[in-house]
Amino acid sequence: MEYGLDLEYSFNEFLKGFGLSSEIAHIIWLPLPMLLVLVAAVVGVLVTVWLERKISAAAQQRIGPEYAGALGVLQPIADGLKLLVKEDIIPAKADGILFTAGPILVLVPVILSWLIVPFGQNLLISNVGIGIFLWIALSSIQPIGLLMSGYASNNKYSLLGGLRAAAQSISYEIPLALSVLAIVLMTNSLSTVDIVNQQSGAGILSWNIWRQPVGFIVFWICALAECERLPFDLPEAEEELVAGYQTEYAGMKFALFYLGSYINLILSALLVSILYLGGWGFPVPVELIAKFLNLPINAPFIQVFTASIGIVMTVLKAYLLVFIAILLRWTTPRVRIDQLLDLGWKFLLPISLANLLITAGLKLAFPQFFGG
Amino acid sequence: MSIAITTQIICFSVLSLVILIGALGVVLLESIVYSAFLLGGVFMSVAGLYLLLNASFVAAAQVLVYVGAVNVLIIFAIMLVNKKEDLKPISDIKSRRIISTAICLTLLSLLIRVDLTNVWSLSSPQNSIGEESTIRIGEHLFSDYLLPFEVASVLLLMAMIGAIVLARRDVMSKDISTGLPVDQELIEKSSETLLTNKN
């Protein structure tokens with residue numbers, strides 16, 4: 001599976017044509033995919049915010065934003081601009097350094113995790129060997145940022161919100177990691193590219209969701225809990241805690257939290273689609289279609305076409321999941337903190353452990369279906 | 001000197017500086033909260049050093065275990081207690097500080113001596129296994145390091161059972177801290193859910 005668009009190689013060859021050394025070419029190349037992914041993430045947030053407003057309006061039989069652009073598509077940009085020009089306030093009795101560092105620590109690990117999200121065979125920033133494990137490790141940093149901002153705000157609602165966020169995040173990380181482990185067991189690799197390639201054999205039939213239905217549901221519940229979405233948005237439960245750890249924040253610092261939570265939602269949806277829904281794979285394998293139409297799979301035009309289909313498929317699957325998450329938010333009530341922790345420790349953890357053991361057993365019994 | 005090596009040297013010096021300053025801050029700062037957060041920074045920089053040594057799996061494990069679990073729990077405990085009381089001034093604080101500094105310096109000189117006298121077998125960059133290290137670590141854990149691995153898990157299990165026994169006081173007949181007999185009825189009442197019987 002070594003074919004596919006390799007933009008880095010072509011770009012470096014192009015620069016070398018101007019007489020630059022390969023090292024300089026590499027340094028010029030490095031920031032480009034990072035910038036592209038950052039822009040993609042921010043645009044994704046804008047789209048998600050608009051979707052959230054429109055779908056919530058539809059769920060409550062309202063119209064929602066309408067005047068800012070056609071169908072209100074410019075509303076999220078107006079929101080962003082408003083947050084940009086607002087005054088940056090640090091409460092007088094708050095701890096200035098920790099108050100500023102908190103939102104940064106929440107946002108940076110989420111953005112770093114985009115490193116491993118593949119949109120195609122070579123369309124990712126870095127195919128690191130530890131792949132999906134990097135995301136699990138990075139997402140464990142976030143609770144520190146939440147605790148930090150909760151403590152630094154010097155407000156009891158903030159502190160309670162921060163403590164709740166950390167407790168929730170710790171208890172849901174374990175079933176999350178265990179359900180990822182079952183996938184890794186089937187793939188024999190931690191790399192996200194290998195995980196998608198392992199599902200690309202027979203189109204929609206070979207997606208992991210058929211082989212890991214329990215893992216899929218556990219992962220999705222845990223991902224929602226990690227994103228602090230309703231029904232798991234206890235850290236910022238507005239009826240009890242004002243706005244949780246964000247209570248004292250305004251302007252750009254609040255925008256960082258806002259951005260972080262939406263980027264995290266999109267990232268989780270992307271990872272569900274990569275782990276369980278075949279990533280960039282088309283429901284019918286593209287190679288099969290090309291063979292049917294008698295087209296050479298390695299021709300440049302076919303390559304560009306399959307790459308664009310890959311990107312479209314990844315984004316489509318992710319946004320389908322985002323849509324489900326938004327619907328869930330506007331239709332389900334919130335769970336209590338004890339129900340939340342019970343669900344995590346007494347239900348999801350044993351189920352994901354059993355899922356891991358059964359996967360290991362099935363892998364030994366049917367190596368051709370569960371990855372030998 | 002190539003760009004790659006220069007980048008490595010810059011990264012190494014920045015990481016070492018952060019580790020040294022951060023570790024000193026953990027020990028010397030008055031505020032326990034700052035110490036706890038700085039400890040997280042030190043753990044992260046150590047993970048960065050592992051990354052420089054091509055041990056990406058160890059680096060990620062370091063972040064997951066030390067930053068994500070150990071440090072979060074430390075901060076959690078500090079914030080749950082969150083007592084704002086003034087500590088009593090200790091009379092002989094100066095002599096205590098001198099003694100502890102002397103002990104630390106002795107240990108440091110011992111470490112430096114070990115570092116200088118030992119002959120380190122350095123592997124050349126060509127021999128490093130890089131991405132394959134994850135597989136090697138797994139193989140070692142299930143062959144020659146199996147016993148330490150299992151002993152460590154038994155140790156963790158013991159700690160977990162101990163924590164559960166301490167938290168669930170109804171399994172004891174006496175209170176651990178005060179030695180008084182525990183009122184079992186009170187515990188039964190408080191462990192019931194609050195809302196079930198009210199309607």
Exercise. Kindly indicate the residue of the stretch B:45-57 that is surrounded by 19 or more Cβ atoms within 10 Å (Cβ to Cβ) and in contact (Cβ under 8 Å) with a residue 40 or more places away in the chain and also farthest from the other protein chains (Cβ to nearest Cβ) among those meeting that condition.
Key: B:ALA55
Quiz item: Quick one: which of A:PHE99, A:PHE119, A:PHE133 is among the aromatic types (Phe, Trp, Tyr) and over 22 Å from A:PRO33 (Cβ atoms)?
Solution: A:PHE99
Exercise. Determine if the stretch B:14-23 includes at least one residue that is modelled with pLDDT under 85, over 18 Å from the mean Cα position of the chain (by Cα), surrounded by fewer than 17 Cβ atoms within 10 Å (Cβ to Cβ) and among the hydrophobic types (A, V, I, L, M, F, W, C).
Key: no
Quiz item: Across the stretch A:112-145, which residue is nearest to the other protein chains (Cβ to nearest Cβ) among those that are assigned to a helix (DSSP H, G or I) and among the hydroxyl-bearing types (Ser, Thr, Tyr)?
Solution: A:SER139
Self-check item: Tabulated pairs, the stretch B:1-21, first within 14 Å of another protein chain (Cβ to nearest Cβ), second modelled with pLDDT under 90, C-beta under 6 angstrom, 6+ apart or interchain
Solution: B:ILE3/A:GLU23
Quiz item: Among the candidates A:GLU66, A:GLU87, which residue alone is over 28 Å from A:VAL193 (Cα atoms) and in contact (Cβ under 8 Å) with a residue 60 or more places away in the chain?
Solution: A:GLU87
Exercise. Might you check whether a residue that is part of a helix (DSSP H, G or I) and more than 20 Å from A:PHE99 (Cα to Cα) occurs anywhere in the stretch A:242-262?
Key: yes
Quiz item: Taking the condition within 28 Å of A:TYR276 (Cα to Cα), among the polar types (S, T, N, Q) and out of contact with any Gly (no Cβ under 9 Å at 6 or more places or on another chain), does A:GLN199 pass?
Solution: no
Quiz item: Which of the residues spanning the stretch B:25-46 are of a type outside the set (A, V, I, L, M) and over 13 Å from B:ILE75 (Cβ atoms)?
Solution: B:GLY25, B:GLU30, B:SER45
Quiz item: Is it true that A:ILE63 is over 28 Å from the mean Cα position of the chain (by Cα) and in a loop (DSSP other than H, G, I, E, B)?
Solution: yes
Quiz item: Could you say which residue among B:VAL67, B:VAL42 is closer than 30 Å to A:ARG164 by Cβ, at pLDDT 90 or above and within 14 Å of chain A (Cβ to nearest Cβ)?
Solution: B:VAL42
Self-check item: Complete set of residues in the stretch A:328-355 that are within 14 Å of chain B (Cβ to nearest Cβ) and either under 24 Å from A:ILE209 (Cα atoms) or part of a loop (DSSP other than H, G, I, E, B) (or both)
Solution: A:VAL335, A:ARG336, A:TRP345, A:LYS346, A:LEU349
Practice problem: Being farther than 21 Å from A:LEU224 by Cα and of a type in the set (Val, Ile, Thr) is the filter; apply it to the stretch A:100-145 and report the residue that is surrounded by the fewest Cβ atoms within 10 Å (Cβ to Cβ). | Solution: A:ILE104
Exercise. Looking at (1) surrounded by 16 or more Cβ atoms within 10 Å (Cβ to Cβ); (2) not in a loop (DSSP other than H, G, I, E, B), find the lone condition where A:GLY278 falls short.
Key: (2)
Quiz prompt | Within the stretch A:146-175, tally of residues that are away from every other protein chain (no Cβ under 11 Å), surrounded by fewer than 23 Cβ atoms within 10 Å (Cβ to Cβ) and farther than 16 Å from A:LEU98 by Cα | solution = 2
Practice problem: Answer yes or no as to whether B:LEU73 is without any contact (Cβ under 8 Å) to a residue 40 or more places away in the chain, closer than 30 Å to B:HIS140 by Cβ and more than 10 Å from chain A (Cβ to nearest Cβ). | Solution: no
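The values are calculated or read from the model by the stated rules, or taken from the named source; none is laboratory data. Bear in mind the structure is a predicted one, so any value in this text is a computation, not a measurement. In this analysis, Cβ positions are derived from the backbone assuming ideal geometry, glycine residues included, and neighbour counts consider all displayed protein chains.
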